[in-house]
Each structure stands twice: as structure tokens, then as C-alpha cells.
1. If each Cα of the range 280-395 is one equal point scatterer, what is log10 of I(q)/I(0) from the Debye formula at q = 0.14, 0.17, 0.18, 0.20 Å⁻¹?
2. Any idea how far the Cα center of the range 294-356 sits from the one of the range 32-73, in Å?
3. Any chance you could list P(r) for the range 48-140, counting all Cα-Cα pairs in 10 angstrom bins from zero, rounded to whole %?
4. Could you work out the Kirkwood radius for the range 219-334, taking every pair of different alpha carbons, averaging 1/r and inverting it, reported in Å?
5. Where both partners of a DSSP beta bridge lie in the chain, what percent of those bridges are antiparallel, to the nearest 5?
6. When only C-alpha pairs under 8 Å and at least 6 residues apart count, what is the relative contact order of the range 7-161, in percent?
7. Identify which of 330, 55, 265 has the largest mean-square fluctuation in a Gaussian network model of the chain, with springs joining Cα atoms closer than 10 Å.
8. Given a cut-off of under 8 Å on Cα pairs at least six residues apart, what relative contact order in percent is computed for the chain?
């Protein structure tokens with residue numbers, strides 16, 4: 001165990017925090033940065049997998065876009081991307097665009113969404129089929145299309161660099177990130193939260209990739225290589241991503257989200273260089289973009305069962321779900337070779353949009369204004385992390401949202417029938 005962590009946790013076995021954030025992915029790290037920038041001190045961010053080997057923040061396609069239907073999603077992404085533009089070299093932001101292909105049945109709705117995006121300050125173009133063929137001549141199978149929407153400031157980002165950017169700024173302001181800790185349970189005493197974690201001190205066991213995957217898959221701790229560590233915190237933030245439901249349960253409240261596997265394939269596109277182009281979302285739901293000199297593609301399988309599954313199905317996934325749609329879109333895609341791929345987790349909410357705000361527990365198990373949450377962005381956490389973290393920090397520090405009103409993302413919407421109606425989900 002590193003000597004600095006031993007000094008912090010090994011001797012006293014109990015620490016005090018003003019704010020304790022569980023989960024150090026892009027959302028947890030962004031929240032920590034914004035809190036620290038607002039002058040909050042004694043912030044701890046705890047994670048079992050701080051490196052992020054199995055985190056949703058790492059195992060994704062890296063797209064960022066404000067081409068949404070719902071106004072709040074547009075605004076959260078818009079503000080986040082504007083920030084990414086300002087630090088582009090640090091976070092690997094590349095404004096290569098998002099191109100959405102639409103069949104006739106969805107074209108009218110796409111144009112209506114475009115008007116909303118433009119009204120909220122996001123410049124988006126509409127292309128008819130001749131214009132599409134002119135701009136993207138390799139998309140030469142278009143009989144099923146009515147047109148395309150192009151968000152030219154949308155693009156790609158490096159999620160790892162973005163996460164580390166947040167962390168570096170947070171650390172420079174005194175935030176402490178603690179690795180190898182697994183949340184177990186919480187109790188409340190006089191408004192304080194006492195949180196119990198398992199700390200994995202055996203570096204050799206912890207560095208075993210399969211060991212970490214086993215614990216993360218089963219969502220449970222447990223070997224002789226751990227010991228309990230207790231944190232006393234004034235306020236707690238659940239940013240645990242695909243593990244948010246278990247963390248919520250340990251904190252004493254219900255969470256409606258579920259973890260779902262998403263798979264991504266990398267392929268050799270021998271007849272086409274995709275590097276001049278950005279993300280393309282096919283009418284079938286398959287999305288693809290350049291990945292170095294190859295192509296990367298993914299698809300959200302509606303039949304995927306709930307659960308923490310990191311198994312990549314390999315070439316069978318590519319040939320069943322991705323290649324047929326690509327073949328039907330371009331003659332350049334008739335000869336593709338599967339190379340590799342991976343599986344990661346989305347934390348999916350009932351309306352596929354994020355959950356942000358104060359935890360309000362009608363059962364009274366959680367003290368008022370002590371527990372907060374930011375998770376379940378259903379695959380768009382990286383693209384919305386800056387504005388989501390900013391908003392939650394405002395809520396925690398001042399008691400109200402100041403820049404964007406994120407109240408529509410409060411978890412109470414599911415019980416009250418106020419779901420976010422979002423059509424641009426992939």
C-alpha cells in the first residue's frame with residue numbers, strides 16, 4: 001500500500017470529510033473540481049478502481065454532442081462542449097461533427113429538434129439527400145433516407161484525458177482521491193454520515209485485473225486482503241455510475257437505474273479512410289467514427305439484459321449487429337474486417353437521462369440535504385459532465401442551481417410522471 005495512503009487511513013482507520021464523493025469517474029471528478037473551485041475544502045473522492053480500468057468513463061466511444069431533442073439536454077451538452085473547446089488540447093476535444101441520418105418517418109421530428117438546437121445557440125445544419133451525397137460521397141446507399149442533420153461543433157473527446165483534467169484541477173485545490181476502497185454501508189448520527197468501506201491493501205491482489213472485474217461484476221467485496229475504513233462526512237455524493245444503485249442502497253435510499261452492457265467494435269475499413277469524418281449515426285442506430293486508421297462502431301442492443309457483464313462477444317457481435325447496417329449504407333463497407341473491441345457499462349435510468357440533485361427520502365432513512373447524487377446519464381456522462389458537475393456544486397454550496405436549472409433531472413420525476421422526453425438516444 002502506498003505510504004501516503006497508509007498515513008492517511010492506516011493508523012487512524014477513521015477520517016472526517018466535509019464532502020465525500022463516491023465514484024471518481026468523469027462525473028465524480030467534475031463535481032469535485034467545481035466544489036473545490038467554489039472554495040469547499042476537505043473533499044475526498046473515493047473509488048475502488050481509481051485508474052478506471054473497468055469504469056464507464058473509460059469504456060465508451062468518446063462522443064460529445066449537443067444535438068438533442070430536449071432543451072435541458074441541449075443546454076447541458078452545449079455548456080460542457082464550450083468548456084471542452086477552451087481546454088481542447090488538454091482533453092483531446094476534436095470538433096469533427098456529428099452526422100445523423102434520418103428516414104422519412106423521423107425527418108420532421110429531426111427538423112423540429114434542429115430548430116430548438118439553433119434557438120439555444122447550437123449551430124446545426126440540415127442536409128437533403130443530394131447534399132448528403134455531396135458532403136459524404138461514400139454514403140452511397142441512401143434510398144431509405146430523407147436527409148441528415150449535422151452538428152459541426154459536436155465531435156470526439158478523450159474521456160481519460162477529460163477525467164484526469166478534472167482530477168488535476170481538483171487536486172491542485174486540495175481534493176484527495178483515494179483508491180482501492182469499496183463502499184459497504186452508511187449510518188447517520190446527528191446529521192453526520194458514517195460510511196464504512198473495505199480498503200484493499202494488498203497491491204499484488206488488487207492489481208490483478210480479473211480480481212477487480214470479479215468484485216465489480218458481482219457488486220460485492222470480499223477477501224482477506226481488505227480491512228474496514230470509516231469516513232465521517234457532513235455531506236455525501238453518489239457518483240458511482242453503474243454501481244450507483246448499490247451505493248444508494250447502502251446509503252439508505254432506492255435508485256431506479258440499472259447497469260446494462262454496451263459493446264464497441266474496432267474494424268479495418270480497407271476501402272475507405274474515415275479520418276476526415278466525425279461521428280455518424282445511421283438510421284439503424286449503429287454509430288461509427290474513425291479510430292486511428294481504423295473504424296469504431298457500436299450499437300445499443302434493445303434486448304441486452306440488465307447486469308454487470310464485461311464480456312465482449314467479439315466477431316459475432318460485429319457480424320450480427322454492426323456489419324449488416326454498415327453494408328446497407330455504403331459500398332465501401334462491403335469488405336470490413338473485425339479487429340478487436342470491448343464491453344463496458346451504461347448506467348441506464350428509466351428515461352435514459354441523468355439523475356442529479358438532492359436525495360429526498362420519503363421513508364426518512366436519509367437526513368435532509370446530506371446526500372446528493374449525479375449518475376445514470378445512460379451513456380452521455382462524459383459529454384455532459386462539466387455542466388452537471390457545475391450544477392450539483394452550485395446546489396450543494398448555495399442550495400440552488402444558478403447557471404442551469406437541473407431540477408428536471410431530480411430523481412423524483414420517476415414517481416411523479418415527469419420523465420424527460422428525449423428522442424435522440426443512441
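1. Debye curve over Cα of the range 280-395, log10 I(q)/I(0) at q = 0.14, 0.17, 0.18, 0.20 Å⁻¹: -0.75, -0.96, -1.02, -1.16.
2. 23 Å
3. So the P(r) values, bin by bin, are 14, 35, 34, 15, 3, 0.
4. 17.6 Å
5. Percentage antiparallel, nearest 5: 75.
6. 26 percent
7. In this elastic network of the chain, the residue with the biggest mean-square fluctuation among 330, 55, 265 is 330.
8. Rounded, it is 22 percent for the chain.
A short reminder: the numbers here are calculations on the coordinates, not readings from a lab. Since the structure is predicted, the reported quantities are computational estimates derived from the model, not experimental observations.
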